1. Below 27 Å Cα-Cα, how many Lys pairs turn up in region 55-157? Only count pairs eight or more apart in sequence, or on different chains, if you could.
2. Can you give me the accessible area per residue for region 115-174, using a 1.4 Å probe, in Å²?
3. Which percent of the accessible heavy-atom area of region 102-207 goes to carbon and sulfur, probe 1.4 angstrom?
4. When Lys and Arg each count +1 and Asp and Glu each count -1, what net charge do the other residues less than 12 Å away from residue 196, Cβ to Cβ, add up to?
5. I want the local charge near residue 117. Using Cβ-Cβ distances under 12 Å, sum +1 for each Lys or Arg and -1 for each Asp or Glu among the other residues.
6. For residue 90, what is the net charge nearby, where nearby means another residue's Cβ is under 9 Å from its Cβ and Lys, Arg count +1, Asp, Glu -1?
7. Rank-order 198-205, 103-110, 187-194 by packing density, defined as the average count of other C-beta atoms within 10 Å over each peptide's residues, highest first.
8. Order 136, 128, 156 by their accessible area, 1.4 angstrom probe, all chains in place, largest first.
Amino acid sequence: MSGYAKTTYGGKSKVVDEACAVHPPKQSDIIGKVIIFTLVGLCILLCLFISIGFYVLAKPLKTSVTSVALRNLRYNDTSSSWPYFNATLAMKIRIENPNFGFFEFPTSKGDIMYNGRLVGEIKINGQRVGSYSAIRTAVRTEVSYRENKASSVWLRNDIKRGLIILKIEAKLRGEVHLVALNKRSVNLKCLMYLNLKDEVIQRLWCK
């Protein structure tokens, strides 16, 4: 009879249904399930780490000078006096926050350099930058420099060619408000080329 086996114990017969017999799982099935459970666990951990990073860890902020207006430009390169220049700069500074929480920073200051020498300062008022947003803030400052060394010809040569290069450096230190506070700073580093003949900013470049 198919599916049945007849076994005799002490003269008595017993019919066993082989269809109901328990078969141990194959080793390949066990390994397959272990692999599946491992992959599912890794996916859960990855999602957990991404969520923690999204709400707890702050991403780098960005800042740049988007525009500069040159006003009240004056300069002199005559041999009868020391060469000098001074001008007013009206700038627009952009601060971008790519984080889930808002970024808040106090009033900060920066330097404007010419050939390694301080020629002006900028003041950026403290503000709050919302999550996933950017703001533009207006900054107005004076730059001025007079060469007082007869042996130095840097400024005189720059004025003669009609181009002065200024470097802007500032650091905004603040906090990104997430589940945990993250202290963050963002550096502003730009170069601007002052065209003396046309009295405009010929080129503006920020890192």
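1. Counting lysine pairs in region 55-157 gives 9.
2. On the way: 3520 Å² over 60 residues.
For region 115-174, the per-residue accessible area is 59 Å².
3. Values: 2820 of 6170 Å².
Result for region 102-207: 46 percent of the exposed heavy-atom area is carbon or sulfur.
4. Values: positive: 74, 160, 161, 197; negative: 77, 158, 198, 199.
Overall, the nearby charge balance is 0.
5. Numbers: positive: 146, 149, 167; negative: 111, 147.
It works out to a net charge of +1.
6. Working: positive: 71, 92, 140; negative: none.
Spelling it out: positives minus negatives among the neighbours equals +3.
7. Numbers: 198-205: 13.6, 103-110: 16.6, 187-194: 18.5.
Order by mean packing, descending: 187-194, 103-110, 198-205.
8. Details: 136 160, 128 135, 156 50 Å².
Per-residue accessible area, sorted high to low, gives 136, 128, 156.
The values are calculated or read from the model by the stated rules, or taken from the named source; none is laboratory data. Keep in mind that what you see is a predicted model, and the values were worked out from it rather than measured. For neighbour counting, all protein chains shown are included, and Cβ atoms are generated from backbone atoms with ideal geometry for every residue, glycine included. The accessibility values were calculated without ligands, DNA or RNA, using every heavy atom of the protein model including side chains. Shrake-Rupley method; radii C 1.70, N 1.55, O 1.52, S 1.80 Å.
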